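Notes follow the structure.
What follows is calculated from the coordinates using simple rules that are stated; it is not laboratory data. What you see is a predicted model, and the numbers here were worked out from it, not measured in a lab. A quick note on method: Cβ atoms are made from the backbone with ideal geometry, for glycine too, and the neighbour counts reach across all protein chains shown.
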Amino acid sequence: MLGASYKTKKLLKESVGKSLNYVETSMMGNEYKDNGTFNVVGPDTYKNRKWYATVTMEGGVIKSVK
């Protein structure tokens with residue numbers, strides 16, 4: 001699961017059409033994909049997991065957030 005560097009899920013949703021500000025957390029290799037769907041957690045992956053979201057990327061920009 002990627003760490004999304006947004007204070008709130010609302011701010012992440014407002015970033016549709018922009019590139020994703022994220023932190024890689026996996027020890028098994030990169031999870032980020034320019035095209036595809038994956039889960040993120042925020043606002044702080046390691047200390048403060050207040051919200052989760054499913055992000056769909058297309059061409060390196062956020063297409064949707066659920």
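The label point for Tyr46 and the one for Ser64, both projected 7 Å from the Cα toward the Cβ, are 3.4 nm apart.
Label positions at Lys10 and Thr37, each projected 7 Å from the Cα along the C-beta direction, are separated by 2.6 nm.
Calculate the dipole size of the chain relative to its Cα centre from +1 charges on Lys and Arg beta carbons and -1 charges on Asp and Glu beta carbons; express the result in debye to the nearest 20. Could you put the intermediate results ahead of the total?
Values: 11 positive and 6 negative charges, 79 e Å.
Taking the Cα centre of the chain as origin, the dipole is about 380 debye.
Rounded to the nearest 500 deg cm²/dmol, what is the calculated helix-only ellipticity per residue at 222 nm for the chain, with -39500 (n - 2.57) per DSSP H run of length n ≥ 4? Each step should come with its number before you reach the end.
Working: 1 runs with 5 residues, N = 66.
Using -39500 (n - 2.57) per qualifying helix, the result is -1500 deg cm²/dmol.
Return the inverse of the average 1/r over all pairs of distinct C-alpha atoms in region 4-66, which is the Kirkwood hydrodynamic radius, in Å to one decimal. If you can, show how the numbers build up before the last one.
Numbers: mean 1/r = 0.0858 Å⁻¹.
Final number for the Kirkwood radius of region 4-66 is 11.7 Å.
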